[in-house]
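The values are calculated or read from the model by the stated rules, or taken from the named source; none is laboratory data. Keep in mind the model is a prediction, meaning the values are calculated, not measured. Cβ coordinates were reconstructed from backbone atoms using ideal geometry, including for glycine residues, and neighbour counts include every protein chain displayed. Heads up: the accessible areas ignore ligands, DNA and RNA and are worked out on the full protein's heavy atoms, side chains in. Shrake-Rupley method; radii C 1.70, N 1.55, O 1.52, S 1.80 Å.
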Amino acid sequence: MLVHLQGPWTPLLGRLTLQQIPFHVPILVVTFIVVAILAAMVLAATTYFGKWGYLWREWLTTVDHKKIGVMYILLGLVMLLRGFADALMIRTQQAMAVGPGSPGEMGAVHGYLTPFHLGQIFTAHGLIMVVFAATPLLVGLMNIIVPLQIGARDMAYPYLNALGLWLTTAGAALVMMSLFVGNFAHGGWYGFVPYFELPYSPGVGVDYWMWTFQLSAIGTSLGSINLIATIVKMRAPGMTWMRMPMFTWASLSTNLIALTSFPVLMVALALLGLDRYVGTHFYTAGMGGNLMLYNDLFWVWGHPEVYFLILPAFGIMSEIIPTFSEKTLFGYVTMVIASFAIGGVSWGVWLHHFFTMAAAPSVNSFYSVTTMLVGIPTGVKVFNWVFTMYRGRVRYELPMLWALLALFLLLVGGMTGMMNAFASNDYMWHNGLFVVAHFHMMVLVIAASIFGAVEYWFPKVFGFKLEQKWGKWFFWFMIIGTGWTFVPMFFLGFAGMTRRLDYIPYTQWSPYLHIMLVGMVFYVVAVLFFVAHLYVSLRDRVKNRVGADAWGTGRSLEWMTHSPVPAYNYAFIPHVNALDEWAWRKENGLTELHPGDYEGIHMPKNTGVPLFLGMLFMGLGFALIWRIWWLVLLCVALIVALIIIRSFDRDTDMTIPAHTVEQVESGTRDETSVAMPTAGVRGGTVIAHSILQSGTSGISDSTTSTSPSLAPMDR
């Protein structure tokens, strides 16, 4: 039976009334006006240039893993800017609200944000940065690169891939809606229980938080199934386990974490939903429940999630550093083992988030030791990266600079993490800014790796390099902003300052808070340089066009195919002969093989069903938040109907004709001026190692072979 709620409710609109629109908050009104103007400009430009058909055909209905990956990254960048805006407001409020004499503006006693509003900003900032910025950015990179690195033409389940994207987008849309309709949760991004229970949070803020989180968890879980299946089942012939690139290994380990941890989060949120909607008491201490159950369930997901984010960053560094050191990765086998060791240990550390709950010393000691154990495989990775650079021909191009910054930040974050691993230390600075600074160091490792990955793989996806000068300005201002923002935060943590303060009682903390605000100004300038970096790169894209191997020293398989990558990835499925296959082919003069005759390529058709399902799930979440029950039933009925209708659709695939493939390949060769002599085979697989076995460096019919069972290879 549904819980009776205080306040107005109508059958048509549920709890939604005009009073739920925050006309009285100037910041939100101005934000809404700016967003509405920008949206109108985008819609007008799309209509004026007649791009609606193009957007529908090429992007909104696509199942191409590369385009889906690009849309994940665009979503992550938009939410990154929103999360950064929240951080800027937090730092500004705290710098203003110091001491009893600090003035108040816009209804606040001190500063310009009320405690309730600042609580929403804190909560949204944490949720957005972890779930809707870092996660989509990394999932997008994995979507684009993993199939290319293993020689596949697409993901194992292209339709499921698109559905995961649109479910994640639906969750992000609900977060943005909460700015202008109702309010967001104000008790922390990880949801304090019982504070998030209905008696203490009767508004819709917790419901926004809960359904946003739930949709994101479902989307990420679907994506993890897809990536695991792709890596396990769709590797090119010869791509044995120990020939896989490190980014693919990192993607496999991180998605194993996702597949086993996100369902735990979904259970925790479902139980909270039952408490709020039906009146159960899973987390109510006085009614047969246990509030520690929520903490355990959430952090059983929450800390593996940290490694879900950091392992792909490690994989990115393991691709960039060998490329710009012109050496193979040092200690490949130990790097693989270390990735899975980190993933395994991540399941035994969650209780360090509540060392202060008065557990037995043996319990605290166990989780303290497991937390410190993570440092061993991480240290292995650090030493291997350093040894890779040792005596290498290191080139300090932008991707390498970002990788080196990530390495430095990892050392800072890792050492401060070891300090937090001691329960005795945690008793002193639990919930303090020292912990916040440590966590942000680790998040910035992820951010630096992502920016490095974008610089590194951008020419592979779009066919031209990003402009370097503006990119370096962005890089250096990011470094300055990081130092000025987070070094003072460590000092404030030692001084005893806790997180989530809307008013700072101690005036002696003011200089540090103002230094941090200066750091945020540097970050703002860095964002402007990033925008200029993208604009200049797009303007000069013809001048900066590249061939297949954009950097000249690429090592893994993705640098074998064209830039930009065709829809089918590879005209023929390559045979993998060694770790660092592309470097091996360059060493042996086998970089210009291509089939004499092409065959049709089997690919999935575009479909609008995932987009419509995402919209319906967004509507379902909105209806549940506001208790609009007729809309809940309508959305559920339409979702079920659409899934059933889709299950009867057998026209889901197509074949790209051989002549079309040949035209694309010929056009690409003309554009990049790359001579590609005929290997004398029909489509399928060119097995390069047979050339070496024949003892000749030439290419002839007798020195190549095909694999009919793989030509053409289904996606």
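Compared with the direct C-alpha span, the chain from R646 to L291 gains 123.6 nm at full extension, assuming 0.36 nm per residue.
For the chain, the mean residue ellipticity at 222 nm estimated from helices alone is -20500 deg cm²/dmol, where every DSSP H run of n ≥ 4 contributes -39500 (n - 2.57) and the total is divided by all residues, rounded to the nearest 500. Between M654 and M603, K605, the built amide H atoms are under 5 Å apart, and every one of these is 5 or more places off in sequence or on another chain. Hey, quick one: spin label on Q20, modelled 7 Å out along Cα-Cβ, who in the stretch 173-208 has an amide N within reach, i.e. under 13 Å? Output list for this probe position: 177-184, 203-208. Sequentially through the stretch 4-16, phi angles give Karplus couplings (6.51, -1.76, 1.60; θ = phi - 60°) of 6, 9, 6, x, x, 8, 10, x, 7, 10, x, 8, 7 Hz, Gly and Pro residues having no value and appearing as x.
Of interest is the spacing of the C-alpha centroids, which for the stretch 463-479 and the stretch 113-175 amounts to 24 Å. Listed values for the stretch 274-287 are Karplus-derived 3J(HN,Hα) couplings in whole Hz (6.51 cos²θ - 1.76 cosθ + 1.60, θ = phi - 60°), namely 5, 4, 7, 9, 9, x, 6, 9, 4, 10, 8, 4, x, 10, and x replaces Gly and Pro. One chain, two ends: S666 and Y506. Fully extended at 0.36 nm per residue, the span grows by 50.6 nm beyond their Cα-Cα distance.
The stretch 31-81: percent of C-alpha pairs farther apart than 13 Å?
Numbers: 877 of 1275 pairs.
Roughly 69 percent, once rounded to a whole number.
Each peptide among 461-474, 553-566, 442-455, 498-511 gets the average number of other Cβ atoms lying within 10 Å of its residues, and from highest to lowest they stand as 442-455, 553-566, 461-474, 498-511.
Projected label points at K51 and M242, each 7 Å from Cα along the beta carbon direction, are separated by 4.9 nanometres. Taking each residue as 0.36 nm, the span from A532 to W476 lengthens on full extension beyond its C-alpha to C-alpha distance by 18.7 nm.
If you model the chain as an ellipsoid using its alpha carbon gyration tensor, with each semi-axis the square root of five times an eigenvalue, the axes come out at 44, 30, 25 Å, biggest first.
Using the 1.4 Å probe convention, the accessible area of the stretch 491-604 works out to 41 Å² per residue with neighbouring protein chains retained.
Give, as ranges by residue number, the residues of the stretch 330-351 whose backbone N falls under 14 Å from the point 7 Å along Cα→Cβ of F387. Under cut-off, by backbone N: 330-338. Exposure check, 1.4 Å probe, all protein chains in place: I310 carries approximately 10 Å² of accessible surface.
For the stretch 1-92, with all protein chains present and a 1.4 Å probe, just round the carbon and sulfur fraction of the accessible area to a whole percent.
Values: 4480 of 5740 Å².
Carbon plus sulfur share of accessible area: 78 percent.
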